[in-house]
1. Would you look at the GNM of the chain, springs on alpha carbons closer than 10 Å, and say which of GLY16, GLY35, GLY55 moves the most?
2. Would you mind classifying region 51-118 by shape? Square roots of the alpha carbon gyration tensor eigenvalues, ordered a ≥ b ≥ c; an a/c under 1.5 is rounded, otherwise it is prolate if a/b is larger than b/c and oblate if not.
3. Show log10 I(q)/I(0) for the chain at q = 0.16 Å⁻¹, two decimals, from a solvent-free Debye sum over equal Cα scatterers.
4. In the full protein assembly as shown, how much of GLU46 is accessible to a 1.4 Å probe, in Å² to the nearest 10?
5. Tell me the accessible surface of VAL93 in square angstrom (1.4 angstrom probe, heavy atoms of protein chains only), to the nearest ten.
6. Suppose all protein chains stay in the model; what accessible area per residue would a 1.4 Å probe give for the chain, in Å²?
7. Counting Lys +1, Arg +1, Asp -1, Glu -1, what net charge surrounds ARG108 among other residues with beta carbon under 12 Å of its beta carbon?
8. If you place +1 on the Cβ of every Lys and Arg and -1 on the Cβ of every Asp and Glu, how big does the dipole about the Cα centre of the chain come out, in debye to the nearest 20?
Amino acid sequence: QVQLVESGGGVVQSGGSLRLSCAHSGRTFSSPAMGWFRQAPGKEREFVAAISWGGAVTLYADAVKGRFAISRDNAKNTMSLQMNILKPEDTAVYYCAASLFSAATTEREDFSSWGQGTQVTVSS
């Protein structure tokens, strides 16, 4: 079981930046890819970004491409999401997730472990 804890959420004005972090611990039997998802009120949880186990491959949702950057440090068991040029539509609870596979994936069902989420609010 992998435990995931997000941090770094908050309130920021439109055009601002935030950096989310995810600390993961616990016993793993594989080398998981990891990702970020988000869920706005009244909407389904959606894919934001993913990174392969080694960090060589990253995937982004079209809505955040060019503004967000995902990274990981396997030595420190951490993953980050740098969010720039934030927009009000980025407002959501952001979740860190660990995949069943080593390759980066956008599919929610490929992720088996989830954090509790951290709120990001972008004011206009």
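1. Result: GLY16 has the largest fluctuation of those listed.
2. On the way: a/c = 1.56, a/b = 1.40, b/c = 1.12.
It comes out prolate by the Cα gyration axes.
3. Taking Cα atoms of the chain as identical point scatterers yields -0.68.
4. Surface accessible to solvent at GLU46 totals approximately 80 Å².
5. 40 Å²
6. Working: 6370 Å² over 124 residues.
For the chain, the solvent-accessible area averages 51 Å² per residue.
7. Working: positive: ARG38, ARG45; negative: GLU44, GLU46, GLU107, GLU109, ASP110.
The answer is -3.
8. Working: 11 positive and 10 negative charges, 53 e Å.
My answer is approximately 260 debye.
The values are calculated or read from the model by the stated rules, or taken from the named source; none is laboratory data. Nothing here was measured: the structure is a model prediction, and the numbers come from that model. Counting neighbours? That spans all protein chains shown, and the Cβs are built from the backbone with ideal geometry, glycine included. These accessible areas exclude ligands, DNA and RNA; they are computed on the full protein's heavy atoms, side chains included. Shrake-Rupley method; radii C 1.70, N 1.55, O 1.52, S 1.80 Å.
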